Amino acid sequence: MDIKWSELLECVSEDTQHGKEILGKLPFLAGKCFLSPEAENCLKQAAESLLSVPGLLANYTKVLAVLEEGICSSFSGRVNDSLLNGPFPADLCGNIPEEIFFLLLALSCIPAGEKAFIRKNLPVEKLYEALDEYGAWSRNCFRNHGVHGLKYSNGFAWLVFRILPGIVLRFGRLEYNHSLAFPDILVFRHRKSGQYRVLLNGKYEVNKEGKIAAKGEETNFITCIPRGIFGAYTAFPVSEEGRIEKETVSVDLQEYELILRPGDEVIYMHIPELGPLTPEEVEESFIKVREFYKRKDSSYHPKGIICGSWLFDPVLQELLPENANLPLFQKSGYLLPPKSASCDVVYRVFGVKAEKEGIDKVEWKSSLQKILGNYLSNGGIFRGGRYFRMF
């Protein structure tokens, strides 16, 4: 059942003392988050506005109380994820730009995040490790919207609803949360060689390039649900490069072990916008997260890591040098075909203006933008991809 801000705020006390106390800590909290001087100045002005207008301070304190409750309950109780289904009441921000108000709120919630980590018996250092995302999301907001702040359904939701409650944890360069294995993939491992064999567990129309066909695209063949007969699975295999192969194969369970099936516990990987992804940083992150979940006291036992992203589109291996970070990242695991025929590469690489108006409406500054821009301009299509890596 969806909840609304108006319903929650009606039940919150009018006392503004807590809000004043948190605002007093704002410079200290901002100092932890790698914000730009311009963002910190915007926050200072916003805090001054809050303290000078009693009604605005009351709004801020009430919203903060609601978010603190949600963070401490991992947004699974009275204050839950459905809060994001509707818009935030703009009138609560007063004369402060929404994006700056959200950045101020997200910073103000850090102490609640500390409490949430302690209650979950998670190392609070894992929270502090992820605070650089405040700066990254603020820069993203300025780059796309011209304001040093956060968008409600973008950076704000990620930080407050996922990072601060300890739902998503940072391990070095990458982040992870509990998840379930892809429902349309079966992974087998050869009992002697350790070689993987991946079968597609679903019915899809596939184009001539071995990718799931987009709407209106010519279909080369159609896959089927695997058939399990006499100790063997027969289905369409997926290559390490994420291509669906046209001829079915039979996997003998005397030779292969089924090691990943739909519903198995895994961890889902997230890739923060924090600069280059070097192979060393990727490998270090994998080692750290594996060690964390292999602890004797761990109650969660993931079998591996999965992810879906534009970063795992196999075409990047054709466009970029083989020793570039992205192709090497792809080769650190096993690629899988995306379920959707579209991805957010334009937004991620070129920004929101390019997504709305076209890539020719923005300047291509980085080498990645130039390479991908030329590919798109010449009729190229990005579909994204999926990835897995076993523990």
Of the numbered conditions (1) outside any helix (DSSP H, G or I); (2) charged (D, E, K, R); (3) buried (at least 19 other Cβ atoms within 10 Å of the Cβ), K32 fails exactly one; give the number of that condition. (3)
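Can D2 be described as assigned to a loop (DSSP other than H, G, I, E, B), over 24 Å from S153 (Cβ atoms) and either outside the structural domain of C141 (by TED's automatic domain parsing) or among the acidic types (D, E) (or both)? Spell out the reasoning first.
Working: assigned to a loop (DSSP other than H, G, I, E, B): yes; over 24 Å from S153 (Cβ atoms): no; either outside the structural domain of C141 (by TED's automatic domain parsing) or among the acidic types (D, E) (or both): yes.
No; evaluated as a whole, the condition is false for this residue.
Residues are listed down the side, and each one gets a yes or a no for (1) of a type outside the set (A, V, I, L, M); (2) within 17 Å of P272 (Cα to Cα); (3) in a loop (DSSP other than H, G, I, E, B); (4) touching a helix residue (DSSP H, G or I) at 6+ places or on another chain (Cβ under 8 Å):
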{"position": "H301", "(1), (2), (3), (4)": "yes, no, yes, yes"}
{"position": "L326", "(1), (2), (3), (4)": "no, yes, no, yes"}
{"position": "V346", "(1), (2), (3), (4)": "no, yes, no, yes"}
{"position": "K353", "(1), (2), (3), (4)": "yes, no, no, yes"}
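Mind checking whether some residue in the stretch 36-45 is closer than 30 Å to G275 by Cβ, touching a Phe, Trp or Tyr at 6+ places or on another chain (Cβ under 6 Å) and part of a loop (DSSP other than H, G, I, E, B)? Spell out the reasoning first.
Initially, the stretch 36-45 is screened for residues closer than 30 Å to G275 by Cβ, giving 36-45.
So of that shortlist, the ones also touching a Phe, Trp or Tyr at 6+ places or on another chain (Cβ under 6 Å) come out as none.
No, the stretch 36-45 contains no residue that is closer than 30 Å to G275 by Cβ, touching a Phe, Trp or Tyr at 6+ places or on another chain (Cβ under 6 Å) and part of a loop (DSSP other than H, G, I, E, B).
Conditions (1) within 27 Å of R290 (Cβ to Cβ); (2) not in a loop (DSSP other than H, G, I, E, B), marked per residue:
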{"residue": "F142", "(1), (2)": "no, yes"}
{"residue": "L150", "(1), (2)": "no, no"}
{"residue": "V160", "(1), (2)": "no, yes"}
{"residue": "R170", "(1), (2)": "yes, yes"}
{"residue": "E175", "(1), (2)": "yes, yes"}
{"residue": "P183", "(1), (2)": "yes, no"}
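Got a sec? Which of S36, S6 is closer than 14 Å to N59 by Cβ and among the small types (G, A, S)?
Working: S36 fails: closer than 14 Å to N59 by Cβ.
On inspection, the qualifying residue turns out to be S6.
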Take the conditions crowded, with 16+ Cβ neighbours inside 10 Å and among the basic types (K, R) and apply them to R170. Does it pass? yes
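Counting just the residues of the stretch 5-16 that are in contact (Cβ under 8 Å) with a residue 24 or more places away in the chain and loosely packed, with under 13 Cβ neighbours inside 10 Å, which one comes out nearest to the chain's Cα centre (by Cα)?
So in the stretch 5-16, the residues in contact (Cβ under 8 Å) with a residue 24 or more places away in the chain come out as 5-6, 8-9, 12-16.
After this cut, where a residue has to be loosely packed, with under 13 Cβ neighbours inside 10 Å as well, the list is 6, 13-15.
Numbers: S6: 29, S13: 34, E14: 36, D15: 36 Å.
Across the stretch 5-16, the extreme among qualifying residues is S6.
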Could you go through the stretch 230-247 and let me know if any residue there is modelled with pLDDT under 95 and among the aromatic types (F, W, Y). yes
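I'd like to verify a number: residues in the stretch 120-140 that are part of a helix (DSSP H, G or I) and not acidic (D, E), how many?
Residues of the stretch 120-140 part of a helix (DSSP H, G or I): 124-129, 132-140.
Still in the running and not acidic (D, E): 124, 126-128, 134-140.
Summing the residues that are part of a helix (DSSP H, G or I) and not acidic (D, E) in the stretch 120-140 gives 11.
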I287 vs. criteria surrounded by fewer than 19 Cβ atoms within 10 Å (Cβ to Cβ), modelled with pLDDT of 95 or more and not assigned by TED's automatic domain parsing to the domain that holds T219: yes
Which listed residue is of a type in the set (F, W, Y), more than 21 Å from the chain's Cα centre (by Cα) and assigned to a helix (DSSP H, G or I), from F117, F88, F101, F156: F101
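Test L23 against the criterion of being assigned to a helix (DSSP H, G or I), aliphatic (A, V, I, L, M) and either within 20 Å of A90 (Cβ to Cβ) or within 32 Å of the chain's Cα centre (by Cα) (or both), and give yes or no.
Working: assigned to a helix (DSSP H, G or I): yes; aliphatic (A, V, I, L, M): yes; either within 20 Å of A90 (Cβ to Cβ) or within 32 Å of the chain's Cα centre (by Cα) (or both): yes.
So L23 passes the test.
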Got a sec? Which of K208, K294, K246 is more than 25 Å from P314 (Cβ to Cβ) and not small (G, A, S)? K294
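Within the stretch 295-324, take every residue that is more than 19 Å from the chain's Cα centre (by Cα) and in contact (Cβ under 8 Å) with a residue 40 or more places away in the chain and give me the one that is surrounded by the fewest Cβ atoms within 10 Å (Cβ to Cβ). Full working, then the answer.
Step one: list which residues in the stretch 295-324 are more than 19 Å from the chain's Cα centre (by Cα), which gives 295-301, 303, 314-324.
If we keep only those that are in contact (Cβ under 8 Å) with a residue 40 or more places away in the chain too, we end up with 300, 303, 314-315, 317, 319-320.
Working: Y300: 10, K303: 17, P314: 22, V315: 19, Q317: 18, L319: 17, L320: 18.
Among those that are more than 19 Å from the chain's Cα centre (by Cα) and in contact (Cβ under 8 Å) with a residue 40 or more places away in the chain, it is Y300.
Please state which one of L43, L50 is in the same structural domain as W137 (by TED's automatic domain parsing), without any contact (Cβ under 8 Å) to a residue 60 or more places away in the chain and not small (G, A, S).
Values: L43 fails: without any contact (Cβ under 8 Å) to a residue 60 or more places away in the chain.
That would be L50, the only listed residue that is in the same structural domain as W137 (by TED's automatic domain parsing), without any contact (Cβ under 8 Å) to a residue 60 or more places away in the chain and not small (G, A, S).
Search the stretch 186-241 for residues being among the β-branched types (V, I, T) and surrounded by 14 or more Cβ atoms within 10 Å (Cβ to Cβ), and hand back the single one that is farthest from F329 (Cα to Cα).
Residue satisfying both the conditions and the ranking: T234.
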When you go through S285, S340 one by one, which is the residue that is under 21 Å from L199 (Cβ atoms) and under 21 Å from the mean Cα position of the chain (by Cα)? S340
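The values are calculated or read from the model by the stated rules, or taken from the named source; none is laboratory data. Source: prediction; values computed, not measured. Using ideal geometry, Cβ is built from the backbone for each residue, glycine included, and neighbour counts are taken over all protein chains shown.
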